[in-house]
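Student: Mind looking over this structure? Questions follow.
The values are calculated or read from the model by the stated rules, or taken from the named source; none is laboratory data. Note that this is a predicted model, so its numbers are computed, not measured. Cβ coordinates were reconstructed from backbone atoms using ideal geometry, including for glycine residues, and neighbour counts include every protein chain displayed. These area figures cover heavy atoms from the full protein model, side chains too; ligands, DNA and RNA do not enter into them. Shrake-Rupley method; radii C 1.70, N 1.55, O 1.52, S 1.80 Å.
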Amino acid sequence: MDYRGRFAPSPTGLLHFGSLVAALGSWLRARHAGGRWLLRMEDIDPPREVPGAAAAILAALPAFGFVADAPVLYQSQRRAAYDAAFARLRALDAVFPCWCSRSELAATGTLHRDGRCLAPPDPRREPAWRLRAPDLEIAFDDAVQGPQRQNLREAAGDFVIRRVEGLYSYQLACVVDDAYQGITEVVRGCDLLDSTPRQIHLQRLLGLPTPRYLHLPLALDAQGRKLSKSAQAWPVDPATPLPALRRALAFLGQPLPMEAVDPPALLAAASRRFDPALIPKQSGCFAG
Ligand code: GLU
């Protein structure tokens with residue numbers, strides 16, 4: 001099967017070192033396999049979006065040598081596909097409405113149990129919709145982090161598919177779009193390793209294929225926080241792409257093509273020599 005990989009940034013800030021590592025890792029894997037590399041802008045969460053960030057990320061990528069093989073897919077334009085997937089989940093009776101407010105949940109821990117919400121329906125407001133998490137172990141073999149397993153009910157519980165505001169969750173949109181874009185392997189940061197069982201479960205419910213997975217180590221700041229969440233997220237400067245690309249390559253344990261004088265040459269040489277066995281495992285990632 002032809003390899004199709006992707007990079008799927010959220011427009012919550014400028015391109016930073018952590019997202020550069022994800023772009024690079026997904027690019028190297030796709031190019032080494034002689035496959036395609038696609039881009040998806042995950043702009044489904046307007047309240048979290050930083051104005052101008054999507055355009056800035058898309059403008060920065062070519063400066064680092066990353067050029068997608070198809071037009072960018074914008075999740076903000078995929079509402080109809082998410083509506084259809086949600087309708088299918090409702091038809092399967094796999095989701096239930098939930099009127100618990102965030103403050104109630106914070107106070108009591110859980111007000112939804114055994115696949116239903118214990119809070120009384122409130123006709124004055126829209127519910128959130130949660131997926132019934134079965135008592136089911138989901139296992140998969142990550143190409144870098146190794147065999148993983150997770151009990152969906154224990155680890156994730158009845159997770160939100162559609163928020164009170166009518167916005168769809170990352171989990172649903174990601175699964176629908178990975179299938180729509182024909183992604184054969186998902187390469188992304190280890191912070192999403194524990195989302196993968198939820199996504200595999202959704203794929204099975206929706207009759208979608210499960211891609212392979214490769215989770216990259218996470219770039220953390222000095223306090224051990226994910227860079228994007230850190231106050232000092234380290235934006236990478238598209239005006240001087242080579243030093244950041246070299247740092248990202250070194251971070252992924254890959255040999256540095258010292259002879260390369262520009263990003264395309266560096267990426268081409270690095271893709272040829274790419275070896276996933278050299279990527280450091282992330283310590284502290286869940287392993288079931
Ligand atoms: N949009 C997510 C992020 O920027 C990545 C999602 C994914 O690769 O599945 O963290």
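Student: Hey, what angle do you get for helix 79-91 against the long axis of the chain, alpha-carbon based, 0 to 90 degrees rounded to 10?
Tutor: It works out to around 40 degrees.
Student: Let me ask you something else. Which value, to two decimals, describes the C-alpha radius of gyration of region 1-51 once divided by 2.2 N^0.38 Å?
Tutor: Against the compact-globule rule of thumb, the ratio is 1.29.
Student: Then there's this: Between helix 196-206 and the chain, what is the angle of the helix's C-alpha long axis to the longest principal axis, kept within 0 to 90° and rounded to the nearest 10?
Tutor: For helix 196-206, the angle is close to 60 degrees.
Student: Still on this structure, please answer the following. Whenever you get a sec, line up Met41, Met258 from highest to lowest accessible area (probe 1.4 Å, protein heavy atoms).
Tutor: Largest to smallest exposure gives the sequence Met258, Met41.
Student: Continuing with the same structure: Let's see if you can work this out: charge +1 on each Lys and Arg Cβ, -1 on each Asp and Glu Cβ, no other charges. What is the dipole magnitude of the chain about its Cα centre, in debye to the nearest 20?
Tutor: 160
Student: Still on this structure, please answer the following. Per residue, how much accessible surface does region 50-204 expose to a 1.4 Å probe? Answer in Å², no decimals.
Tutor: For region 50-204, the per-residue accessible area is 46 Å².
Student: Give me Rg over Rh for the chain, both radii from the alpha carbons and Rh done the Kirkwood way, two decimal places.
Tutor: Rounded to two decimals, Rg/Rh equals 0.98.
Student: Rank Tyr82, Pro11, Trp129 by how far each Cα sits towards the positive end of the charge dipole of the chain (+1 on Lys, Arg Cβ; -1 on Asp, Glu Cβ) and give me just the farthest.
Tutor: Trp129
Student: Express the carbon and sulfur contribution to the solvent-accessible surface of the chain as a percent, rounded to the nearest whole number, probe 1.4 angstrom.
Tutor: Roughly 56 percent, rounded to a whole number.
Student: Show the residues, 5+ positions off or on another chain, whose built amide H is closer than 5 Å to the amide H of Arg36.
Tutor: Those lying under 5 Å, H to H, from Arg36 are Tyr3, Arg4, Gly5.
Student: Still on this structure, please answer the following. I'd like the orientation of helix 17-32 relative to the chain: the angle between its Cα long axis and the longest Cα principal axis, in ° from 0 to 90, rounded to 10.
Tutor: Relative to the chain, helix 17-32 is tipped by roughly 70 degrees.
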